[in-house]
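Inspection log for the structure reproduced underneath, given as structure tokens.
What follows is calculated from the coordinates using simple rules that are stated; it is not laboratory data. In this text the structure is predicted, and so the values were computed from the model without any measurement. Positions of Cβ are backbone-derived with ideal geometry, glycine not excepted, and every protein chain shown enters the neighbour counts.
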Amino acid sequence: MNTNTLSSTGTALLRIAMGLIFLAHGPYLKLGIFGLDGTIGFFQSLGLPGFTAYLVIAGETLGGLALLAGVLVRPAALGLAIISFGSIIAHAGNGWVFSNAGGGWEYPVLLGIACLVLALQGAGRFALGRRGSLN
């Protein structure tokens with residue numbers, strides 16, 4: 001394998017892993033575990049309007065699916081970076097390490113940076129929309 005193939009494969013692995021992570025955080029965690037009412041209540045406890053919970057769930061779900069499929073990867077990753085950096089609001093008071101009670105802010109920063117990498121690199125290999133300019 002040449003360097004370009006290895007790099008493109010690495011990008012694809014990151015894209016697929018990030019897609020799964022955001023699907024775990026969006027529909028699985030926020031809807032399946034906490035429930036819509038619990039998620040809205042949590043957002044409101046942070047001082048955010050309740051409708052932002054819908055936006056985040058939709059963004060994590062649609063963005064996660066886009067990353068998994070490899071379509072519209074750049075805009076999806078950019079949107080997910082914004083969500084990730086925004087989630088620091090929920091974790092900032094818990095310290096840096098994510099293993100702290102309530103989860104620190106290291107994990108949201110990592111997710112945000114990984115999304116920025118995908119927004120810069122595109123889809124990589126094994127993407128349905130690989131030839132498009134937004135991938």
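Remarks
- Rule-of-thumb Rg ratio for the chain [Cα; 2.2 N^0.38 Å; N residues]: 1.09
- Between the helical axis of 3-23 and the longest alpha-carbon principal axis of the chain there is an angle of about 30 degrees.
- Relative to the longest principal axis of the Cα atoms of the chain, helix 106-121 runs at roughly 30 degrees.
- Unit charges at the beta carbon, dipole of the chain: most positive-side option, Gly47, Gly63, Ala123: Ala123
- Shown is the FRET efficiency for Leu128 and Phe98, computed with R0 = 41 Å from the Cβ-Cβ distance and rounded to the nearest 0.05: 0.80.
- Between Met1 and Ile82, the modelled label-to-label distance comes to 3.4 nm, taking each label 7 Å out from Cα in the direction of the beta carbon.
- Cα convex hull, segment 81-121: 44 Å³ per residue, rounded to a whole number.
- Nearest-ten-degree value, helix 51-69 long axis tilted from longest Cα axis of the chain: 20
- Rounded to the nearest 500, the helix-only mean residue ellipticity at 222 nm of the chain stands at -20500 deg cm²/dmol, with each DSSP H run of n ≥ 4 adding -39,500 (n - 2.57).
- Sequence-separation-based contact order of the chain, relative, with Cα cut under 8 Å and 6+ spacing, percent: 30
- Distance in nm between pseudo-label sites at Ile33 and Leu62 (7 Å out along the Cβ direction from Cα): 2.5
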